[in-house]
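Participant: Take a look at the following structure, please.
Throughout, read-outs are computed from the coordinates displayed, never taken from laboratory work. Since the model is a prediction, treat every value here as computed from it, not as a measurement. Because the Cβ atoms are built from the backbone with ideal geometry, glycine has one as well, and the counts that use them run over all protein chains shown.
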Amino acid sequence: MSHDVFISYSTKDKHAADAVCAVLERNNIRCWIAPRDVLPGMTWGSAIVAAIHDAKVVVLVFSGHANTSPQIEREVERAISHGLAVIPFRIEDIKPSHSLEYFISASHWLDAFTEPMEQHLETLAKVVRHIIELKQGKEDAVGAIVESASEREEKRRAAAPGSVLPSEPARPVMKPWVFIAAGIALGAVAVMAVLLYESQLRKAPSQTAAVAAPVAQPAPDTPPAATAQPTPLTSTAPPPSVQPAATPAPPMSIAGQWNWDALCSGTRWIGKFNINDTAPGHFEGIFDETVWYDVGKISNGFFDGASVKFTRTSGTYVQVWTGHVAASRMEGSVSASNGDCTFVATRN
């Protein structure tokens, strides 16, 4: 069965781990927890590694027992190596050992060593849900990029010489009686035209004789006067001029270095980030904060000429930036697991 969350815990804290699993699954968040989900016939180590690989989030039930467990250290190391978000759910007020601190020092902690425990479990469910939704949005954006690239490749192949273009739809076949009826109608029109022409010829001699009787005939050797032909009129108006089509202006680029100023829950963050164009409407870049040094990667960035949206990741820390760009100014909001922010950025 597919799952969203891997629960890492010491067997001595099984009651707390079962409570975490129950609350998360009550909120429709699918969990994997040992030994419940270890399939028969699988070794313990291979089942743990496969479950971590298929998860989106790891919840670490952190206590004094987990702090000294080599098994917990290996599970956290596997999660970090796969780029998963690790949420330490601290049920005892202790500091992590040096080996665990190396992996989870940058993670956001949830303290749950005060009563009531149910309140902390509900907060954990909300945080896990938020991280899963952020990861799902990131995967959808990647899928859109792949689909767009596939469409561009199909168009390129269709435009290449010697390519096989899609066949035209079959044209409807006309019934034989349609052609027969059309032929009869055309024949009838032709017969009527011939009869009308002969009728006009019969009337012409009698009318000519009646008019010519009182008029003297010219001498036989006098040639008939030439009939003047009308001169066709030629238009002297100049041909209409063809105006060249206007060349569309190139789309504005946001590549370059930006200075940004963000306000998050009363804390002000100042730094800069560099953006590199990688494809039409798509970009990537690097964050480099100056207040708290932390290099972050920009990914899945899109710019449509006015609106901008991208995901910023730093280790397990994930933010979604959404804003608007006008000339050399960018502003908007930032959504993250530890709260929302507002930001303003100006181009160097």
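Participant: Highest mean first, what order results for 92-98, 123-129 on Cβ atoms within 10 Å? Mind showing how you got there, number by number?
Facilitator: Details: 92-98: 12.4, 123-129: 18.0.
Ranked by mean Cβ neighbours within 10 Å, highest first: 123-129, 92-98.
Participant: Which value in nm describes the separation of the simple spin-label points at S307 and T43, placed 7 Å from the Cα toward the beta carbon?
Facilitator: 5.1
Participant: How far, in nm, would the chain grow between K272 and N28 when pulled straight, counting 0.36 nm per residue and subtracting the alpha carbon separation? Write out the running numbers ahead of the final one.
Facilitator: Numbers: separation 244, 0.36 × 244 = 87.84 nm, distance 3.91 nm.
Between K272 and N28, full extension yields an extra 83.9 nm.
Participant: Next question. Relative to the compact-globule scaling 2.2 N^0.38 Å, provide the ratio for the alpha-carbon radius of gyration of segment 5-137.
Facilitator: On the way: Rg = 13.7 Å, N = 133, 2.2 N^0.38 = 14.1 Å.
Its radius of gyration relative to the 2.2 N^0.38 Å reference: 0.97.
Participant: Compute the Cα gyration tensor for segment 1-43, then decide on rounded, prolate or oblate, letting a ≥ b ≥ c be the square roots of its eigenvalues: rounded whenever a/c is under 1.5, prolate when a/b is larger than b/c in the other cases, and oblate in all that remain.
Facilitator: Working: a/c = 2.44, a/b = 1.14, b/c = 2.15.
Here segment 1-43 falls in the oblate category.
Participant: Quick one: W32, W258, fewest Cβ neighbours within 10 Å first, how do they rank?
Facilitator: Ordered by Cβ neighbours within 10 Å, fewest first: W258, W32.
Participant: Now for a different question. If you line up the Cα atoms of segment 17-86 on their principal axes, what length do they span on each, largest first, in Å?
Facilitator: Principal extents (Cα only, largest first): 32, 30, 23 Å.
Participant: Something else about it: For M330, M192, which order do you get if you count the other beta carbons within 10 Å of each Cβ and list the fewest first? Display every interim value, and only then the final one.
Facilitator: Working: M330 21, M192 10.
Result, fewest neighbours first: M192, M330.
Participant: By how many nm would the segment from S81 to A255 lengthen if fully extended, with 0.36 nm per residue of separation less the alpha-carbon distance?
Facilitator: Stretched fully, the S81-A255 segment lengthens by 59.5 nm.
Participant: Between S299 and H324, what's the calculated FRET efficiency when r is the beta-carbon distance and R0 is 22 Å? Round to 0.05.
Facilitator: The pair S299/H324 has a calculated efficiency of 0.60.
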